[in-house]
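Some notes on the structure that comes next.
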Amino acid sequence: MELESESEMLETYMERLSEIQDGEKYKQCLQCGTCGGSCPYGIVTKFTPRKMILAVRANIIDELLESGAQWLCTSCYSCSFRCPSQIPLTDGIIPAARELSLLEGNPPEELARALMNTARYGNPFKESPKKRDRWVKEVDFEIKTLADGPADVLFIPECFGAYHRRCKEVTKAMAEIFNRLGTDFAILGRDEKCIGDSNRLSGEFGLFEELVEKNIKAMEKNPFSRIVTIDAHAFHSLRSEYPRFGFSKPVLHHSEFLAENLETLKEMFSELEYIVTYHDSCYVGRRNGIYDAPRDVIRAIPGVEFVEMKRIKENALCCGGGGGGVWLDSFIKEFMKERPAEERVREAANTGADILVTSCILDIPMFEDALKMTGLEGQIVVKDICELVLEAIR
Amino acid sequence: MKICAILRTVPDLVEEIEVIDDEIEPFAYIANERDEHAVEEAVILKERYGGSVDVIGIVDEDSEEEIEEPLAMALAKGADRAIKLTMSNKSYRRIEQAKALAEYFKDKDYDLILTGIQGIDAFTGMLGPMLSVYMELPFTGYVTSVEAEDGTVKVQKELGGGLLGEFRVKLPAILGIVSAEKPLRFVPLAKLRQVMKKAEIEEDELEIPEFEGVQVVKYYEPEKPEIVLLEGEPEEVADKLIEAFKEIGVL
């Protein structure tokens, strides 16, 4: 059931764009090219966001899809952030083109598998939903689930935090911090499904909506006052996308939660002799404007020398993992010799830091892989901000 | 070309399965992956040469609901008809399924019957060959691509030792598909749900004969090997590894 003609394609595209907030702003595109100049893939793609809008205007979307440009996007939000016309490029122009690829039936294979697994199992890894809470057995204190009773904080580890071997360490570290702080927290456990931000940004809007419905239903089992998550994309989705579906609880990124509890933490801190640099993850920094909270936390640890990278805050370079990018590695390799994550770890190493602190769970596999690719492994270590904090309070 | 693809449901190994002596109790069923490739290849052939694709889903009373999504998926991909065939009694035995299917196919006049090369439940790779015997039609397995040529198909198939071979097969015929020519096409969830809502899935029965001679004694899982993760600095891990090798007598 492929889309029969170009006009049908354009119609489907426009219909989707009309459902995206400010979608009609594409008409205000000045063709200034700021987007392409800001894009980590701008140099290799045949269609930068500016040219994508041109392709829509000229009704040559098929050419755009053929080029694969719709998949050369990490949803890093640089283009949208800088766009003088404030066109929703990351949320609209690109995912709507991706949706056409999905309807044509031929997205990049690894991403297709991740999406199909998420539809069936609620996670991209083809793991059993029953194993989603296995990590709780790896900590030496009890963790309750929301189904068992109310809690102050609902902790969302999301898929990588629940299943990925390295990322689980971050989940456990955050749980241990809650425990040490005496926070009344619970998890959704097996009821938690993928929060879905990557699915939305990949153009799988139907799957995203189904995941939202299931997660909201699971959250209704018992009262809680707010969400804390270690996953920057889950954070963004829960905070900015879920409210469209009737969800209305405050959502905190874990760096905000740590900053909020900084006075208590300060009393627990012991000295760490590290030189630390911090990577502003796209959906914490550029997308949601959280620049100070993680820096304040890092600087508060005694002994730590904090150094900044060349590109910081709204200008930080993306790790390449967002918007399904973590499943597009082999696709992107066809276009680029060095991926953004490799460029970014070189930048981090140039500061002379021993630790590269991150605040998005996807940064960890992306950067650890990049350290191996660049030969920098051993020179600089990747740690999530909560792992650094836990080390300081142990 | 009038094509039929066979779609079997098998236990979903991602979810838990319970093994009780002579019963395997799966938590969920899923479409057999190789059969999904047979459906894909059938749709590819229809797109290339015209004709029609019927997909038959073989189920028993435990798996009959779970075939509906894979059948709707086949319709969403371009199949024309979806038929749910319920076995009169549950059987994993290919000889029984093949005899029953041969009877079912008698008046259907398919030019090509495609099946996945193997199902993970019986693990014999025998459905195609046995169907070929009962229907007295040619069969070739381990097929990776199919081209139509004047009442025949030229198929590419995998041989042992990494070799490939091309064979000409007279139609009507049965082919065992190892993988379709292209990756399985993607169907967005909204579209699948849409098709599921309005899909007309036909239903029929498959009269399973009984073949005596083989009886299940028991099913069981092999003993799991003990896994020890060696942790520490590389030198430390190397020392531990040498110790471990010495212990099991390789060093």
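Among residues of segment B:146-173 that are touching a residue at least 60 places away in the same chain (Cβ under 8 Å), those with a Cβ under 9 angstrom from a residue that is exposed (fewer than 12 other Cβ atoms within 10 Å of the Cβ) and not hydroxyl-bearing (Ser, Thr, Tyr), sequence gap 6+ or separate chain, pair up as B:LEU171/B:GLY151; B:PRO172/B:ASP109. For segment A:180-196, filtering for residues that are assigned to a helix (DSSP H, G or I) and over 30 Å from B:LEU192 (Cα atoms) leaves 2.
Do the conditions hold for B:ALA31, that is, is it under 13 Å from the mean Cα position of the chain (by Cα) and either aromatic (Phe, Trp, Tyr) or within 14 Å of chain A (Cβ to nearest Cβ) (or both)? Taking the combined requirement at face value, the residue satisfies it.
Condition first: touching a Gly at 6+ places or on another chain (Cβ under 6 Å) and assigned to a helix (DSSP H, G or I). Can you find one or more residues in segment A:118-125 that meet it? No: segment A:118-125 contains no residue that is touching a Gly at 6+ places or on another chain (Cβ under 6 Å) and assigned to a helix (DSSP H, G or I).
If you check A:SER225, A:SER281, A:SER237 for being surrounded by fewer than 23 Cβ atoms within 10 Å (Cβ to Cβ), within 28 Å of A:ASP152 (Cα to Cα), in contact (Cβ under 8 Å) with a residue 24 or more places away in the chain and among the hydroxyl-bearing types (Ser, Thr, Tyr), only one passes: A:SER225.
Each row is one residue, and each column tells you yes or no for (1) touching a residue at least 40 places away in the same chain (Cβ under 8 Å); (2) surrounded by fewer than 16 Cβ atoms within 10 Å (Cβ to Cβ); (3) touching a Leu at 6+ places or on another chain (Cβ under 7 Å); (4) in a helix (DSSP H, G or I).
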| position | (1), (2), (3), (4) |
| --- | --- |
| B:THR86 | yes, no, yes, no |
| B:ASN89 | yes, yes, no, no |
| B:TYR92 | no, no, no, no |
| B:THR115 | yes, no, yes, no |
| B:SER132 | yes, no, no, yes |
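Please go through segment A:159-179 and pick out each residue that is under 19 Å from A:LEU390 (Cα atoms) and in a loop (DSSP other than H, G, I, E, B). Matches in segment A:159-179: A:ARG165, A:ARG166.
Of a type in the set (Gly, Ala, Ser), in a helix (DSSP H, G or I) and within 14 Å of another protein chain (Cβ to nearest Cβ): is that true of B:ALA100 in this structure? First the steps, then the outcome.
On the way: of a type in the set (Gly, Ala, Ser): yes; in a helix (DSSP H, G or I): yes; within 14 Å of another protein chain (Cβ to nearest Cβ): no.
No; evaluated as a whole, the condition is false for this residue.
Checking A:ASP140, A:ASP133 one by one, the residue that is at pLDDT 95 or above, more than 14 Å from every other protein chain (Cβ to nearest Cβ), in contact with a helix residue (DSSP H, G or I) (Cβ under 7 Å, 6 or more places away or on another chain) and more than 30 Å from A:GLY33 (Cβ to Cβ) is A:ASP133 and no other.
Residue check: A:ASN59 meets all listed conditions (1) more than 22 Å from A:ALA316 (Cβ to Cβ); (2) surrounded by 21 or more Cβ atoms within 10 Å (Cβ to Cβ) but one, namely (2). Of all residues in segment A:78-116, those satisfying the criterion of being crowded, with 24+ Cβ neighbours inside 10 Å and among the hydroxyl-bearing types (Ser, Thr, Tyr) are A:SER78, A:THR90. Only residues that are under 22 Å from B:VAL53 (Cβ atoms) and within 14 Å of chain A (Cβ to nearest Cβ) were counted across segment B:166-220, and they come to 19.
Of everything in segment B:16-64, what is assigned to a helix (DSSP H, G or I) and not charged (D, E, K, R)? Give them in sequence order. Residues satisfying the conditions are B:HIS37, B:ALA38, B:VAL39, B:ALA42, B:VAL43, B:ILE44, B:LEU45, B:TYR49. Summed over segment A:66-124, the residues that are over 20 Å from A:CYS159 (Cβ atoms), among the small types (Gly, Ala, Ser) and away from chain B (no Cβ under 12 Å) give a count of 9.
Filtering A:LEU17, A:LEU30, A:LEU10, A:LEU54 for residues that are of a type in the set (A, V, I, L, M) and more than 17 Å from A:ALA96 (Cα to Cα) leaves a single hit, A:LEU30.
Taking B:ARG8, is it buried (at least 18 other Cβ atoms within 10 Å of the Cβ), among the basic types (Lys, Arg) and not in a helix (DSSP H, G or I)? So B:ARG8 passes the test.
Identify all residues within segment B:211-251 that are touching a residue at least 12 places away in the same chain (Cβ under 8 Å) and either of a type in the set (Ser, Thr, Tyr) or exposed (fewer than 11 other Cβ atoms within 10 Å of the Cβ) (or both); write none if there are none. Passing the criteria: B:VAL214, B:VAL217, B:LYS218, B:TYR219, B:TYR220, B:GLU221, B:VAL228. Any idea which residue in segment A:136-158 is farthest from the chain's Cα centre (by Cα), counting only those that are buried (at least 21 other Cβ atoms within 10 Å of the Cβ) and within 18 Å of A:LEU390 (Cβ to Cβ)? So the residue we want is A:PHE155.
The values are calculated or read from the model by the stated rules, or taken from the named source; none is laboratory data. Here the structure is a predicted model, which means the values were calculated and not measured. Don't worry about glycine lacking a Cβ; one is built from the backbone with ideal geometry, like all the others, and counts go over all protein chains shown.
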